[in-house]
Amino acid sequence: MNYQDFFRSELDALRADGNYRDFAELERHRGAFPSATCHNGPGEVTIWCSNDYLGMGQHPKVLEAMHEALDRTGAGAGGTRNISGTTHDHVLLEAELADLHGKEDALLFTSGYVSNWAALGTLASRIPNCVVLSDALNHASMIEGIRHSRAQKMLWKHNDLEDLEAKLASLPLEQPKLIAFESVYSMDGDISPIKEICDLADKYGAMTYLDEVHAVGLYGPRGGGIAEREGLMDRLTVIEGTLGKAFGVVGGYIAASAELCDFVRSFASGFIFTTALPPAVAAGAAASIRHLKQSNVERESQQANVAEVRARLDAMGLPHIENPSHIIPVMVGDPMKCKFISDVLLKEHGIYIQPINYPTVPKGTERLRITPSPVHSAEDIDRLVSALESLWTQCELARMPMAAQ
Ligand SMILES: *Cc1c(COP(=O)(O)O)cnc(C)c1O
């Protein structure tokens with residue numbers, strides 16, 4: 001086989017479909033985010049698609065904690081958690097996370113992806129005869145964890161309680177069950193009916209596993225997520241989150257009972273056999289969580305900017321998915337046009353919004369996923385909206401009937 005030819009032809013096929021991924025090479029400017037230099041593009045840009053939802057990646061308290069820990073302990077953890085890599089900063093962070101979610105304990109992983117992969121993989125493979133009931137739109141990391149477990153898996157229609165109940169009812173009552181789902185779904189920005197899912201879990205004797213990656217830091221009086229906002233944290237078996245999105249650093253975790261955390265700690269290969277996060281990362285994440293537990297300013301200002309961008313899009317009739325979250329998916333519905341708009345926004349307007357194409361979203365639903373944050377200014381919003389306005393006309397894309405014109 002000519003391996004290089006094979007790689008090239010597979011990549012050519014991606015390009016022909018408009019699904020080849022170009023990465024913008026960014027240098028974010030501390031203190032000036034969402035501004036950044038795009039090194040393989042037009043120079044100075046404004047980022048409109050970051051998951052650093054609240055700008056915590058540049059928050060003085062977070063940076064100060066990281067500097068302090070770096071100077072106190074050095075660069076890396078120096079080992080896996082099992083062999084010399086459990087530092088004081090890791091343990092403090094886990095206590096902070098357990099408290100955030102009102103759980104007995106928490107367990108830290110190198111990323112949210114790894115936490116889902118390792119925790120779901122371990123629970124579903126180690127609990128005898130466990131069946132996983134997985135929402136059809138769950139994130140790739142959950143899907144991979146479930147697949148890796150080789151446990152029986154049942155997909156239920158996205159956010160569909162009737163379908164979930166039918167699947168639960170079809171199983172023997174005594175068979176162990178795990179319902180895996182998310183709170184805020186990141187591509188449509190819709191929110192799952194957590195209470196009703198917990199009710200079904202109780203009725204059919206199932207455990208619940210909730211991915212709150214796009215909600216932690218952002219919702220609830222202390223940033224504990226949608227489950228905190230709705231007073232449901234104690235009803236969930238496992239809450240999973242990331243330190244890389246609203247908390248602005250990197251890492252992932254689960255929060256659950258002491259026994260469950262100890263079980264995953266003891267059996268999960270993806271927890272045991274990898275070097276622990278640097279202590280400075282743990283200290284920065286802990287500072288971020290601590291700050292967002294007692295500050296609503298960032299959340300309120302984010303929500304205000306989200307509402308403002310939505311209202312401006314509505315006034316122009318630009319189609320976006322209505323949802324109850326902070327995510328604004330502006331629908332293009334064509335991979336080539338989506339990539340074209342993104343390219344022109346970057347090159348001519350200095351606005352960076354990565355196009356979201358298949359397989360991240362279904363074909364025909366290609367979109368620009370906009371994430372307004374507290375660090376976007378009124379002027380940033382003006383420039384975004386007028387650039388989109390002119391591009392919509394240029395690409396002859398449909399507008400919604402309520403267009404102001
Ligand atoms: C991003 C994401 C993850 C993975 O989190 P990372 O910390 O980025 O690895 C898990 N679940 C969902 C729903 C995500 O969007």
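The values are calculated or read from the model by the stated rules, or taken from the named source; none is laboratory data. A quick note: this is a predicted structure, and the numbers were derived from the prediction, not measured. Ideal geometry is used to build each Cβ from the backbone, glycine not excepted, and the neighbour counts take in all protein chains shown. Accessible surface areas use protein heavy atoms only, side chains included; no ligands, DNA or RNA. Shrake-Rupley method; radii C 1.70, N 1.55, O 1.52, S 1.80 Å.
For the pairs Lys245/Lys293; Lys157/Lys293; Lys153/Lys293, flag any whose C-alpha to C-alpha distance is greater than 26 Å.
Violating the 26 Å Cα-Cα cut-off are Lys157/Lys293; Lys153/Lys293.
Report the gain in length on full extension from Arg72 to Asn323: 0.36 nm times residue separation, minus Cα-Cα distance, nm rounded to one decimal.
Length gained between Arg72 and Asn323: 85.9 nm.
Span-like helices, the chain: DSSP H, alpha-carbon axial extent 27 Å or more, mean Kyte-Doolittle 0.5 or greater, which ones?
none
Going by accessible area, probe 1.4 Å, with all protein chains left in place, what is the ranking of Tyr352, Tyr358, Tyr253, largest first?
Tyr358, Tyr352, Tyr253
Hey, any idea what % of the range 325-405's accessible area is carbon plus sulfur with a 1.4 Å probe?
Solvent-exposed carbon and sulfur of the range 325-405 make up 58 percent of the total.
For Asp160, Asp135, give me the order by solvent-accessible area with a 1.4 Å probe, most accessible first, ignoring ligands, DNA and RNA.
Details: Asp160 45, Asp135 0 Å².
Descending accessible area places them as Asp160, Asp135.
Net charge within 10 Å of Ala280 by Cβ-Cβ distance, Lys/Arg positive one each and Asp/Glu negative one each, not counting Ala280 itself? The partial results should precede the final answer.
Values: positive: Arg72; negative: Glu68, Asp71, Asp89.
Around Ala280, the surrounding residues sum to -2.
Please report the net charge: other residues with Cβ closer than 13 Å to the Cβ of Leu318, K and R +1, D and E -1.
+1
Per-residue ellipticity at 222 nm for the chain, helices alone: DSSP H runs ≥ 4 residues times -39500 (n - 2.57), over residue total, nearest 500 deg cm²/dmol?
-13500 deg cm²/dmol
Would you mind counting up the charge near Ser125? Only other residues with Cβ under 14 Å from its Cβ, with Lys and Arg at +1 and Asp and Glu at -1. Write down the numbers at each step before the final one.
Working: positive: Arg126, Arg147, Arg150, Lys153; negative: Glu144.
Here the charged neighbours net out to +3.
Using alpha carbon centroids, what distance separates the range 263-294 and the range 178-211, in Å?
Taking the Cα centre of each part, the range 263-294 and the range 178-211 sit 24 Å apart.
How much of Asp188 can a 1.4 Å solvent probe reach, expressed as accessible area in Å² and rounded to 10?
50
State in Å² the accessible area per residue of the chain; use a 1.4 Å probe, count heavy atoms of protein chains only, and round to the nearest integer.
Normalised by residue count, the accessible surface of the chain is 43 Å².
List the relative contact order of the chain as a percent without decimals, with contacts defined as Cα pairs under 8 Å and 6+ residues apart. If you can, show how the numbers build up before the last one.
Details: 801 pairs, mean separation 87.6, N = 405.
That works out to 22 percent.
What relative contact order, as a whole-number percentage, does the range 228-347 give when Cα pairs under 8 Å and 6 or more residues apart are counted?
Result for the range 228-347 is 13 percent.
What's log10 of I(q)/I(0) for the chain at q = 0.11 Å⁻¹, Debye sum over Cα points only, no solvent?
-0.87
Give me the percent of the accessible area of the range 59-293 that comes from carbon and sulfur atoms, probe 1.4 Å, all protein chains in place.
Values: 5060 of 9040 Å².
Solvent-exposed carbon and sulfur of the range 59-293 make up 56 percent of the total.
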